[in-house]
Structure formats: structure tokens, C-alpha cells
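A short write-up of the structure that comes next.
All of the numbers you see were taken from the coordinates with simple rules; none came from a lab. Keep in mind that what you see is a predicted model, and the values were worked out from it rather than measured. In this analysis, Cβ positions are derived from the backbone assuming ideal geometry, glycine residues included, and neighbour counts consider all displayed protein chains.
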Amino acid sequence: MPKTLSHRFCTAPLMDWSDRHCRYFWRQFSKHALLYTEMVTTGAILFGDQESHLDFDAAEQPVALQLGGSDPEDLARCAQIAEQWGYSEVNLNCGCPSDRVKKGRFGACLMAEPDLVAECLGAMKSAVSIPVTVKHRIGIDDMEDYPGLTRFVEAQAKAGIDTFIVHARKAWLNGLSPKENREVPPLKYDMVYQLKQDYPDLEIVLNGGINSIDECLQHLQRLDGVMLGRAAYQTPGILAQVDATLFGGEPGPTPAAVVQRMLPYIENELSKGQRLNHITRHMMGLFQGVPGARRFRRHLSEQAHTAGAGPEVLEQALALVTDAA
């Protein structure tokens, strides 16, 4: 895969959320968005059920696999597996602040070990021909602000990495929960802007606190790309603006049209043993702000998990919205 992969608009890796069903759903809104998997640990890939962790629908492309780990050899092997599986990119997580991740010596705690991260990324890059990228915070704990960030970035750039996805919040590894780490540390967009100004040859993608496509446009005046996480999940309808507004393409489909597009996918997945609620749980915010949205959510919440629930449950939920409208 050539280095022409666009990071202008990306969806974030979200644990327990951005699974393959969610990504297929998101893809219905935008042809151009780059979609990221949940973080998958090297151990899960090397010693677990690869199919359950790595399978995706070809319609999701372009899709990037995010890895969690800190052993260069294991990460290189997993990068090779990702390339063989058909992923368009492999990304290393240096931003997740959870205790489980910290004990495993990966995620945000790796920002304290820039040389180890460079060794990991260098090994991954040498093992594959697809792009290798890194996602990280602006800092951790008492690591001094901008100088610490530039030391980390320079180390990875020397290893041949040229795309950095920067969550514009510091992570506190002690004293804050993962949820608090997404909300309490202040957003410092200026640090990310400064990074781009000081390293113009690097591709700098901003993550954190972006809630609308208008905000994306503002950041794109200063940066190479933006990444949306919770806003994309909680109000997925905003993704319909991505192609037209950010790429000069065609307007995205209406939420009702997306429901219709999901029906054949759901039929196919149910025939393979999937449960309806595993797919529709990602669609709860589809009609956010539209009359009937609450009835849509309630119907899915009450009916999608029942034995034998099929596509008709989603069609019934859609009728509750269109009737209200």
C-alpha cells in the first residue's frame, strides 16, 4: 500500500466500540474516512483467536489495525500478520492510560521510554511495506510539556515514522481513571499546532475533544488530519458530512438510507451466527436530535437482544422515527 493513504479524516480506535460491525456501519457514511480498529494486543494476535481479533469486511477499507505491545519482535510479527490480513496501515498505541495497559507495559506509559518505542516502530517498519504510524498523548504525569513531547517525536522520526496521531491531552497514569483521562487533563491544541510548525515534514493528526465537522475544518487549517472518536460514535450522522465537506466529494446518505444499507449486512452476519444486538448497539445514536430518536433507541434496546431477532427489528425501529417525522 503506497504512502498515499489519507489521514485527513480518521475515526479513532475505541475499546469495546470500534469493532468490525461499528466500522462497517461508519463506512456507510463516508468513502474517504480512514477507520481504526480497537487496540489489539500482540499477545491476543500471537496466542489467541486471530480470526476474531483481525477479521474485517473488505467494504471497511481503508482500515488500520492498532496494536498494543512493547516487544519489538512481537510487534514486527504482528505487523506482518496485519499486512497479510489486508490492513492498510498498522498503528502503535502509546496513548491508552488504563491500569491493565500500564501493567502490560504498553499504551501511554511508553511515552516515558521513547527509545524503546523507536525500536518497536523501527522493527515494525522494517517488517512491512504498509504505513506504520503511532498514536500518543502530548505527555504523561510530570514529563515536562513541549520539550518532552518533541523528544518523543524526534526519536520516532529517526526510526522512520512520519505520521503522528496526537491526543492533545496529557495522561495521568496515577490518580485518574481512563474516563477521567479523557476529560480532566486540559486540551492543549496549541502544542499540537506548534509541533506541526516545528516539524513541517511530519504528518500531524489531531485527536481529542473534536465534536463537529466544522471544528475539523478549523483544525485542518493548521494540521494534516483530524481523528474523531466519541463524537463519531455518539452522533454518527455527522459522518455524512465528511466526504463533501472535507474531501470535495458527494454528500453522504441520510440516516434512514444507512439503515437500509445495513439490512443486507445484518442478514448475512446473522446467517453466520452473529446476534442482532452486537450490530445495532453501534447504531443507537443514529437519529440523535431527530423526532422519534428515543423510540428508535428504546425499540432496539428492548428487542434486538431477544432470541431470533432479525433485520425486521431495525426496520420497525426505523418506522418509529419516520412516523414521528
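Just a few scattered comments:
- The mean sequence distance of close C-alpha pairs (under 8 Å, at least 6 residues apart), as a share of the length of the stretch 167-325, puts its relative contact order at 15 percent.
- Orientation-averaged projected area, Cα convex hull of the stretch 90-240 (nm²): 9.1 nm²
- Relative to its Kirkwood radius, the Cα radius of gyration of the stretch 1-157 gives an Rg/Rh of 0.95.
- DSSP-assigned coil residues among GluC sites (Glu not before Pro) in the stretch 163-249, each with at most 16 further Cβ atoms within 10 Å: Glu183
- Taking the C-alpha atoms only, the angle from helix 145-158 to the longest principal axis of the chain is near 90 degrees.
- Computed from backbone phi with θ = phi - 60° and the Karplus coefficients 6.51, -1.76 and 1.60, the 3J(HN,Hα) list for the stretch 297-304 is 5, 5, 4, 5, 4, 7, 10, 5 Hz; x is used for glycine and proline.
- Tail beyond 37 Å, pair distance distribution of the chain (Cα, percent): 16 percent
- Helix axis angle, 114-127 relative to the chain longest principal axis, alpha carbon, degrees: 60 degrees
- Alpha carbon Rg of the stretch 1-50, scaled by the compact-globule rule 2.2 N^0.38 Å: 1.31
- Spatial offset of the stretch 159-207 relative to the stretch 223-252 amounts to 20 Å, using the alpha carbon center of each.
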